[in-house]
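Beneath this line is the structure, given in structure tokens, with notes to follow.
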Amino acid sequence: MSAPHLPPAFAESMLRRSIANPEWRDAVSGDLHEEFVEMSRRHGAAAARRWYWRQACGLTLRFSTSRLIPMAAPRRPMSVPDPDMDGRSGWTWLSDGRHALRALVARPALSGAVILTLALALAANATIFNLADALYLRPFRFAGVDRLVVVASAPENDPLADRSSVAPADYREWVDASTTLTEFAAADFWDPNLSEIDEPEQLAGFRVTPAFFRAIGATPALGRTFLDEETVPGGDRRVILSHGLWMRRFGGDPTIVGRHIRLNGEPHEVVGIMQPGPSIPYGAEVWAPLAYTEEEWQERRRGWLLVVARLGAGQSVGTARAEMEAIVARQRQAFPETHATREVSVTGFIQGMRDAGAGPFLGIWQAAALLLLLIASANIANLLMARGTERQQEFAVRLALGAGRWRLGLQVMFEGAWLAVLSIALALPLAALGVEGMRRGLPPSVLRWVAGYEFMHVDWAVLGVTALLGAAATLFFSLMPAVQASRAALSDSLRQGGRTTTVGRSRRWLGTALAAGQVALTLALVVGSVLILGAVDAAVNGVLGFDKQHVMTASLTLPERPYADPEARRQFVARVLGRLRGMPAVESLGVVSFLPYAGTSSSRPIHPEGVELTPAEVRQADFQRATPAYFEAMRIPVLEGRGLTDADRAESRPVAVVSRSFADRYWPGQPAIGRRFRIAPEAPWVEVVGVSGDIMHDWFMNQRRPTFYRPYAQDPSLTMSIVVRTTGDPLHVAGELRRAVTAADPDQPVLQLRSMERVVADKVGGVNYLARALAAMGGIALLLALMGVYSLIAYLAARRTQEIGVRMALGATRWQVIALNIRQALVITGLGLAVGTVLAVALGKLMSSALFGLVSLEPLPVAVMVVALGLTALVAGYLPARKAADLDPTTALRTP
Amino acid sequence: MPPKTPYLGEFEYAVLLAVVRLGDEAYAVPMRELIEDRTGRPVARGALYTALERLEAKGCLRSRMGDPTPERGGRARRYFSVTPLGLRALKSTHAAFASLTKGLEAVLEQP
């Protein structure tokens, strides 16, 4: 015979580990070994091993659960008094914890419902918190970010100016004048076209001063950053690539450093590769030195630089702001022409650079998630309280035997803690799914602008917040019933002798308050979701002012140097349009400088003829350049006068078509045709030849912004979108559109090729997603609230079974009994709906201020929700009442 | 005052009987085989250990460890024997059943 077979070592060690008592450990594993030997002799080693594994698993389960919940094997004879009761021998946290777990395991359905509810609510909170943390609270996490500030400057009446607003001359003066700020750095948008390798592509880039990388704490992985001597014109054909771009377009080839790549048609030497990490600012992939001529540095009228600086030692944002305000006040005195209304702002880097629009959204979302958690907690409190009543007898006995009230409270807390721990364990994978879903939900086109996107993953912050909220929720929902239980008069409970009677006044009050609160919060949440859905619908399908159907667009930016001559730009556009014009699928086509909903715009101060405006009175209007057929291609109506025509050439009289709101602002109630305006005191006059319909350029700024359209031929822009209205599917002309651009200039990439429907959808995609998630939360809340109302009313009805029996024995009709319960349901829902309506209206007001007027609080949806919730609550009240009424009175009286 | 005679469940009754029947050889492996053999029902090992542990805790059984043997991988057997309390429990349970079955022989012993 071969060597004796041994049982699987791992299975055996697992089994032995699970048995606490050493004698049992030897006995059990020895028994199994003995049987294993017999088994392998009879059925062969393989079968025996399989058998052993099965037995070991079963026994391990049996012994490890008995360790946790030793209900099967009491260590002491039954007659020994419970140490809980005698007050002398020590009890342990462990025994209380075990007791609590046993209590939960004994009611799997209830515990399961509670855990699932809480896990869902916690996961929703964790997901949203991660989003808020990544995108809003801490979108930048490099070292020293807390000492960095953004300095911006703008005319006070120009709400459109953002942080990229500093004039070069101002910047230089600030660097010299400021003592509180050190290490100033400036950046200027520069999106160069990369060509020669594969397909040309427009990169996201910036021209920066050499100090920039030091300021943002970025170091190169290869090569170096910029040198001061590279900031002179001519010395600036050098670039640093982001790690992402290097991997994506150059395959991570280290020899690229020192070589030349072709940007905007000119060779640029690669001097460095950045470390992988956040791309600052705004997802930059390539950086070049900021090299202005002395003349360019003198520019004071217009500002476009993004300026960051580091706080000097011992300085705060407050002291820096005070100093900068003093400096700018001096500039206002010195340059009244340009700086009369100039204001300065100094903000922390995160505050200055994060996505400003994200705040209100994430706030609303987080509030909704917290509401959901509150509703879930109220629901759980109700469930536990209903159960607490069943256990009142148990508590009363223990109190009578000398257990302290706090001890009972502790036990309830332990049960709550177990629920919380299990819910948190379930919530974490759910939250991970949620965060991943959010990541995927963001349209790629907006990612460049989303700082902190790379931090969207489940991290310690999320774990911490989930645990914290879980603990808070536990405190809330487990203490409520405990307070109730300990308040119950001892003698009352005992005297009741386990017979069910009508619930005490205070308990009923608390239950009613909880259920009513749930109804109120749910109403608010559901109305909130309906409002958001409405807002999104308005943004996606509402009045755009143009027709997004059957339109293909291609966006591009011509590089500055090869297209320095406006005539070159005109020729480029003419070549592209000429090639496309004859195609059968093309109905009409035009070019516009800034495509609506694409996220960019440009504005100019307007000086209408015949009105002397002080600098403070000058207001901005959106500035567009368009070819004649643009209006036709977008189906923007020309309401008065004429549209732009081919006769509006470079050398002809400067003209413009203005939007209805433009005409109404400057010439209210008067014909605008023939009026003139200019965009600077010394600029040429522009004559209004037509009035067009208003369009929504960007739904984040939902106002119909006054806009003027100048003929492209008279003022050709580098940035443009080609707009093609097609007879069929717009995507069918995508290839032709790209080829037309390439034919006009082989080095010229198309930045984005999208149907107009896609452009709109991309812009509102994130919000769309938000709305759907909010609607889902509203749905969950509705379900929870209905469950809560139902369970409370059913519980109250069950508690009244005896009373109902008495009433029916004394001659009450079935309907009288049912009406009794329905009245109770009505009180609860009525209270909840009243409070909820107030909450919903308040929430609606808040949201309409956060969502720029897209949300309007209509009475109808609120009314519909009120009726729907009321009806469902009534049904929830009716069903258990009917059940009680259907009981035979004698049975009801006998019901324990 | 002697401790109160515990009440025996059906399975506990079977386990105690098996211990008495096996005498010096009363450890888990033959016990399980015996009960399975006589009752014709499968007996889970976990259930048997639970019952043994509980009976010992109630004071119906006592146990001693035997010598380690090689066919058990060097582990000792745990032998059980019935305590006087266990015997009383067995007797009273048996008596209860006996009094219940008394006079029913005609029904119970029909083939």
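Looking only at region A:648-673, filter to residues that are of a type in the set (S, T, N, Q) and not in a strand (DSSP E or B); which one of those is farthest from residue A:638 (Cα to Cα)?
A:652
Test residue A:76 against the stated conditions and say whether it is modelled with pLDDT of 75 or more, within 11 Å of chain B (Cβ to nearest Cβ) and surrounded by fewer than 16 Cβ atoms within 10 Å (Cβ to Cβ). Break it down into steps so the answer makes sense when it comes.
Values: modelled with pLDDT of 75 or more: no; within 11 Å of chain B (Cβ to nearest Cβ): yes; surrounded by fewer than 16 Cβ atoms within 10 Å (Cβ to Cβ): yes.
Judged against the criteria, residue A:76 is not a match.
Can you confirm whether residue B:9 is touching a Lys or Arg at 6+ places or on another chain (Cβ under 6 Å) and surrounded by fewer than 20 Cβ atoms within 10 Å (Cβ to Cβ)?
Numbers: touching a Lys or Arg at 6+ places or on another chain (Cβ under 6 Å): no; surrounded by fewer than 20 Cβ atoms within 10 Å (Cβ to Cβ): yes.
When the stated conditions are applied, residue B:9 does not pass them.
Report yes if some residue within region A:45-53 is within 11 Å of chain B (Cβ to nearest Cβ) and under 25 Å from residue B:66 (Cβ atoms); otherwise report no. Break it down into steps so the answer makes sense when it comes.
Filtering region A:45-53 for residues within 11 Å of chain B (Cβ to nearest Cβ) gives none.
For region A:45-53, residues within 11 Å of chain B (Cβ to nearest Cβ) and under 25 Å from residue B:66 (Cβ atoms): absent.
Within the group A:177, A:186, which residue is hydrophobic (A, V, I, L, M, F, W, C) and in contact with a Ser or Thr (Cβ under 6 Å, 6 or more places away or on another chain)?
Values: A:177 fails: in contact with a Ser or Thr (Cβ under 6 Å, 6 or more places away or on another chain).
Going through A:177, A:186 in turn, just one is hydrophobic (A, V, I, L, M, F, W, C) and in contact with a Ser or Thr (Cβ under 6 Å, 6 or more places away or on another chain): A:186.
Which of the helices (runs of 4 or more DSSP H) contained wholly in region A:236-334 include at least 2 residues that are buried (at least 16 other Cβ atoms within 10 Å of the Cβ) and touching a residue at least 60 places away in the same chain (Cβ under 8 Å)? Before the answer, list the steps.
Working: elements: A:243-250, A:294-297, A:317-334.
By residue number, A:317-334.
With the structure loaded, tell me whether residue A:286 is of a type outside the set (Ser, Thr, Tyr), within 22 Å of residue A:254 (Cβ to Cβ) and at pLDDT 90 or above or whether it fails that test.
Working: of a type outside the set (Ser, Thr, Tyr): yes; within 22 Å of residue A:254 (Cβ to Cβ): yes; at pLDDT 90 or above: no.
No, not satisfied.
Among the residues of region B:68-81, is any without any contact (Cβ under 8 Å) to a residue 40 or more places away in the chain, surrounded by 17 or more Cβ atoms within 10 Å (Cβ to Cβ) and over 23 Å from residue A:61 (Cβ atoms)?
Initial filter on region B:68-81 (without any contact (Cβ under 8 Å) to a residue 40 or more places away in the chain): B:68-76.
This time we only want the ones that are surrounded by 17 or more Cβ atoms within 10 Å (Cβ to Cβ), so: B:72-73, B:75-76.
Now restrict to residues that are over 23 Å from residue A:61 (Cβ atoms): B:76.
Yes, that holds for at least one residue.
I need every pair where a residue in region A:715-734 that is not assigned by TED's automatic domain parsing to the domain that holds residue A:601 has its Cβ under 8 Å from the Cβ of a residue that is open to solvent by 10 Å² or more (accessible area, probe 1.4 Å), sequence separation at least 6 or different chains.
Short answer, once both residue conditions are applied: none.
Report the residue count in region A:570-616 for those that are closer than 28 Å to residue A:729 by Cα and of a type outside the set (Asp, Glu). Can you show your working first?
Taking region A:570-616 and keeping what is closer than 28 Å to residue A:729 by Cα, we get A:572-601.
Going one step further and asking which of them are of a type outside the set (Asp, Glu), we end up with A:572-586, A:588-601.
Looking only at that region, the number is 29.
Of the residues in region A:25-35, how many are touching a residue at least 12 places away in the same chain (Cβ under 8 Å) and more than 7 Å from chain B (Cβ to nearest Cβ)?
1
Residue by residue through region B:10-58, note down the ones that are modelled with pLDDT of 90 or more and not in a helix (DSSP H, G or I).
Selection gives B:26, B:27.
Across region B:59-93, which residue is farthest from the other protein chains (Cβ to nearest Cβ) among those that are closer than 20 Å to residue A:28 by Cα and in a helix (DSSP H, G or I)?
Residue satisfying both the conditions and the ranking: B:70.
Check B:83, B:5 and return the single one that is among the hydroxyl-bearing types (Ser, Thr, Tyr) and out of contact with any Gly (no Cβ under 8 Å at 6 or more places or on another chain). Give the steps one after another, and end with the answer.
On the way: B:83 fails: out of contact with any Gly (no Cβ under 8 Å at 6 or more places or on another chain).
After ruling out the rest, the residue left standing is B:5.
For the condition at pLDDT below 80 and either in a helix (DSSP H, G or I) or crowded, with 19+ Cβ neighbours inside 10 Å (or both), what is the one hit in A:798, A:740?
On the way: A:740 fails: at pLDDT below 80.
Result: A:798 is the single residue among A:798, A:740 that is at pLDDT below 80 and either in a helix (DSSP H, G or I) or crowded, with 19+ Cβ neighbours inside 10 Å (or both).
For region A:369-396, give me the residue count where each residue is in a helix (DSSP H, G or I) and modelled with pLDDT under 75. Explain how you work it out, then say what you get.
Going through region A:369-396, the residues in a helix (DSSP H, G or I) turn out to be A:369-390, A:392-396.
When the remaining residues are screened for being modelled with pLDDT under 75, the result is A:382-390, A:392-396.
Residues that pass the stated criteria total 14.
If I ask for residues that are of a type outside the set (Gly, Ala, Ser) and closer than 15 Å to residue A:774 by Cβ, which ones from region A:829-848 would you list?
First pass over region A:829-848, keeping only residues of a type outside the set (Gly, Ala, Ser): A:829, A:831, A:833, A:835, A:837-839, A:841, A:843, A:845-847.
Residues satisfying the conditions are A:843, A:846, A:847.
For the subset of region A:335-351 comprising residues that are assigned to a strand (DSSP E or B) and polar (S, T, N, Q), which member is least open to solvent (accessible area, probe 1.4 Å)? Full working, then the answer.
First, pick out the residues of region A:335-351 that are assigned to a strand (DSSP E or B): A:342-348.
Next, from what is left, pick out any that are polar (S, T, N, Q): A:345, A:347.
On the way: A:345: 50, A:347: 33 Å².
Checking each candidate, the answer is A:347.
Go through the residues of region B:24-38 one by one and say whether even a single one is more than 11 Å from chain A (Cβ to nearest Cβ) and under 10 Å from the mean Cα position of the chain (by Cα). Write out each step before concluding.
Here is the first cut: in region B:24-38, the ones more than 11 Å from chain A (Cβ to nearest Cβ) are B:24-26, B:34-38.
Within this subset, residues satisfying the condition of being under 10 Å from the mean Cα position of the chain (by Cα) are B:26, B:35.
Checking region B:24-38: at least one residue is more than 11 Å from chain A (Cβ to nearest Cβ) and under 10 Å from the mean Cα position of the chain (by Cα).
Can you name the condition, by its number, that residue B:54 falls short on among (1) buried (at least 17 other Cβ atoms within 10 Å of the Cβ); (2) closer than 30 Å to residue A:21 by Cα; (3) more than 9 Å from chain A (Cβ to nearest Cβ)?
(3)
Could you tell me whether residue A:733 is crowded, with 21+ Cβ neighbours inside 10 Å, in contact with a helix residue (DSSP H, G or I) (Cβ under 8 Å, 6 or more places away or on another chain) and at pLDDT below 90?
Details: crowded, with 21+ Cβ neighbours inside 10 Å: yes; in contact with a helix residue (DSSP H, G or I) (Cβ under 8 Å, 6 or more places away or on another chain): yes; at pLDDT below 90: yes.
Considered against the rule, which asks whether it is crowded, with 21+ Cβ neighbours inside 10 Å, in contact with a helix residue (DSSP H, G or I) (Cβ under 8 Å, 6 or more places away or on another chain) and at pLDDT below 90, residue A:733 comes out as yes.
The values are calculated or read from the model by the stated rules, or taken from the named source; none is laboratory data. Treat the numbers as computed from the prediction; the structure is a model and nothing was measured. Every residue, glycine among them, receives a Cβ derived from its backbone with ideal geometry; neighbour counts consider all protein chains shown. To get the accessible areas, we keep the full protein, side chains included, count just its heavy atoms, and leave off ligands, DNA and RNA. Shrake-Rupley method; radii C 1.70, N 1.55, O 1.52, S 1.80 Å.
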